[in-house]
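**Student:** One structure is given below, represented as structure tokens, and several questions about it will come after.
Bear in mind that the values in this text are calculations on the coordinates, not laboratory data. Keep in mind that what you see is a predicted model, and the values were worked out from it rather than measured. So basically every Cβ, Gly included, is an ideal-geometry build from the backbone, and we count neighbours across all protein chains shown.
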Protein chains: 2
Amino acid sequence: MDKNISPAVIKRLPRYYRYLGALKAKNITRISSKELSERMKVTASQIRQDLNNFGGFGQQGYGYNVENLYVEIGKILGLDKSNQMIIVGAGNLGQALANYQDFNNNSIGFQVIALFDVNPKLIGITVHGVEVHDIDDMEEFIKNHEIKIAALTLPQDQAPKIAKDLVSWGIKGFWNFAPVDLTLPDSVTVENVHLAESLMTLTYNIHSREDSEGAE
Amino acid sequence: MDKNISPAVIKRLPRYYRYLGALKAKNITRISSKELSERMKVTASQIRQDLNNFGGFGQQGYGYNVENLYVEIGKILGLDKSNQMIIVGAGNLGQALANYQDFNNNSIGFQVIALFDVNPKLIGITVHGVEVHDIDDMEEFIKNHEIKIAALTLPQDQAPKIAKDLVSWGIKGFWNFAPVDLTLPDSVTVENVHLAESLMTLTYNIHSREDSEGAE
């Protein structure tokens, strides 16, 4: 498989996966790139190009086998592997992620197996069946369970130092919710979810539309 | 002010705002585009170009006034206006957002003033001082308070219908956490936070690096 897939294509794969999952749920077994393009509001040629990066999955005049394509895209995304994850920071957001059904779901391979916090009031409680551990036990836990993924839901000033420690203990990928840019070795993947920034983009767009409509 | 600012520039503004806020917190009053570029890891020329879209804020050889630039970017982002928001769906994620200090903070103008849910067990409770209301009261609430922003933290199958209702009641912008693409009039802004998709992008990158390192 060609490893030089552009980040833009990668970003689109989970959306294909979501639409294929929805088709599967409706017992649709086969779909043409034209039909899929109408549902997803992208061009059929974009779909064909994107999927050709991975060898192509369609047959001319025949369309895509929904189940097959769903499974194959899942494999490309690494969802067929065990993706055990810890959440560092068991505040509201950390607890919400531990509870979040859309991904904490065996069918797509993610599993939150521990939360960590410094707050004695949180240590020992369970959230959705997952225990909050003392952050001092994190190194041993990561090494024992060979954890590679950590969600960071902790304050901005603590995130960079803790991320550095986590890398030295074996973490390969961060799902970073702390409003800070992490500076880490190139071998480590960071996916940022900067909530406040996303909200600011929204307000910019709302207000700039209001201004241009003269509805101020 | 030129209204044809590219979406890529808009996406970068909240990050400038975050860095300027951090400089302000350190009592740094003035910064050159070179220094700012080193901190932000973008080129100084990109910074100058981005800010020139808004009339430019620097003086040759003098740098940017941090406080001034912070305030001006805040105005561009609409943060000087009141941004009252409701959250539709008072489950874990909705409650986490109501509690989230990074934006639910008067200094940047956002204020969550109500949560809504259908669940009788949730209706009437307060989260971070914000009450959960019956979703049946939502229309009246939005109209009375002239709310323009709604966060959607509700299941995928309910989001499209409720979003359509909300638009008819006056909502202009959605912060959408439901894993679905909303089809709404062009006058309405949607900012998606697709958490499961962001996590899949992360696992793709982790696994594809592992494969290419032969560490499988």
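**Student:** Hey, got the average number of other protein chain Cβ atoms within 10 angstrom for residues in B:88-100?
**Tutor:** Counting Cβ atoms of other protein chains within 10 Å of each residue's Cβ and averaging gives 5.
**Student:** Mind sorting A:TRP175, A:TRP169 by how few other Cβ atoms lie within 10 Å of their own Cβ, fewest first?
**Tutor:** Least crowded to most crowded, the residues run A:TRP169, A:TRP175.
**Student:** Please give the net charge around A:LEU20, taking every other residue with its beta carbon less than 10 angstrom from that of A:LEU20, where Lys and Arg add +1 and Asp and Glu add -1. Display every interim value, and only then the final one.
**Tutor:** On the way: positive: A:ARG15, A:ARG18, A:LYS24; negative: A:GLU67, A:GLU72.
Net local charge, A:LEU20 excluded: +1.
**Student:** Separate question: In the stretch A:1-97, which chymotrypsin sites (Phe, Trp or Tyr not before Pro) fall in coil by DSSP and have 13 or fewer other Cβ atoms within 10 Å? The partial results should precede the final answer.
**Tutor:** Numbers: sites: A:TYR16, A:TYR17, A:TYR19, A:PHE54, A:PHE57, A:TYR62, A:TYR64, A:TYR70; in loops: A:PHE54, A:PHE57, A:TYR62.
The qualifying sites are A:TYR62.
**Student:** Specify the angular offset, from 0 to 90 degrees and rounded to the nearest 10, of the alpha carbon long axis of helix B:195-212 from the longest principal axis of the alpha carbons in chain B.
**Tutor:** Helix B:195-212 and the main axis of chain B meet at about 50 degrees.
**Student:** Given axes a ≥ b ≥ c from the Cα gyration tensor, I'd like to know whether the protein assembly as shown is rounded (a/c under 1.5), prolate (a/b larger than b/c) or oblate.
**Tutor:** Details: a/c = 1.23, a/b = 1.15, b/c = 1.07.
Note, shape of the protein assembly as shown comes out rounded.
**Student:** Looking only at A:ALA90, A:ALA196, A:ALA114, which one moves most when chain A is put into a Gaussian network model with springs between Cα atoms under 10 Å?
**Tutor:** A:ALA196
**Student:** Just tell me how shielded A:171-182 is by partners: mean number of partner chain Cβ atoms within 10 Å of each residue's Cβ, no decimals. Could the numbers behind the result be given before it?
**Tutor:** Details: counts 1, 7, 9, 2, 6, 1, 3, 1, 7, 2, 6, 0.
Mean shielding count: 4.
**Student:** Further question on the same structure: How much length, in nm to one decimal, is gained on full extension between B:ARG48 and B:TYR62, taken as 0.36 nm per residue of separation minus their Cα-Cα distance? List each step's numbers first, then the result.
**Tutor:** Numbers: separation 14, 0.36 × 14 = 5.04 nm, distance 1.32 nm.
Result for the pair: 3.7 nm of gain on full extension.
**Student:** Across peptide A:185-198, how many C-beta atoms of other chains are within 10 Å of each residue C-beta, on average?
**Tutor:** Working: counts 0, 1, 4, 3, 9, 2, 10, 2, 6, 5, 8, 11, 11, 7.
Counting Cβ atoms of other protein chains within 10 Å of each residue's Cβ and averaging gives 6.
**Student:** For the modelled label position 7 Å from the Cα of A:ASP165 along Cα-to-Cβ, which residues of the stretch A:127-147 have backbone nitrogen atoms closer than 18 Å?
**Tutor:** A:132-147
**Student:** Mind checking the full-extension length gain between A:SER32 and A:GLN111? Use 0.36 nm per residue of separation minus the Cα-Cα distance, one decimal, nm.
**Tutor:** Separation in residues times 0.36 nm, less the Cα-Cα distance, equals 25.1 nm.
**Student:** Okay, next question. Between A:LEU51, A:HIS207, A:ILE142, whose Cα lies farthest towards the positive end of the dipole of chain A when Lys and Arg beta carbons carry +1 and Asp and Glu beta carbons carry -1, centred on the Cα centre?
**Tutor:** A:LEU51
**Student:** Let me ask you something else. Going by the alpha-carbon gyration tensor, a ≥ b ≥ c the square roots of its eigenvalues, is the stretch B:7-76 rounded (a/c under 1.5) or, if a/c is not under 1.5, prolate (a/b greater than b/c) versus oblate?
**Tutor:** Cα axes put the stretch B:7-76 in the rounded bin.
**Student:** Calculate one ³J(HN,Hα) per residue across the stretch A:13-23 by plugging θ = phi - 60° into the Karplus curve 6.51 cos²θ - 1.76 cosθ + 1.60, and present them in order as whole Hz with x for glycine and proline.
**Tutor:** Listing the rounded values in order: 4, x, 6, 4, 4, 5, 5, 5, x, 5, 5 Hz.
**Student:** Taking the convex hull of the alpha carbon atoms in the stretch A:79-216, what volume per residue do you get, in Å³?
**Tutor:** Values: hull volume 21.1 nm³, N = 138.
For the stretch A:79-216, the hull spanned by Cα atoms encloses 153 Å³ per residue.
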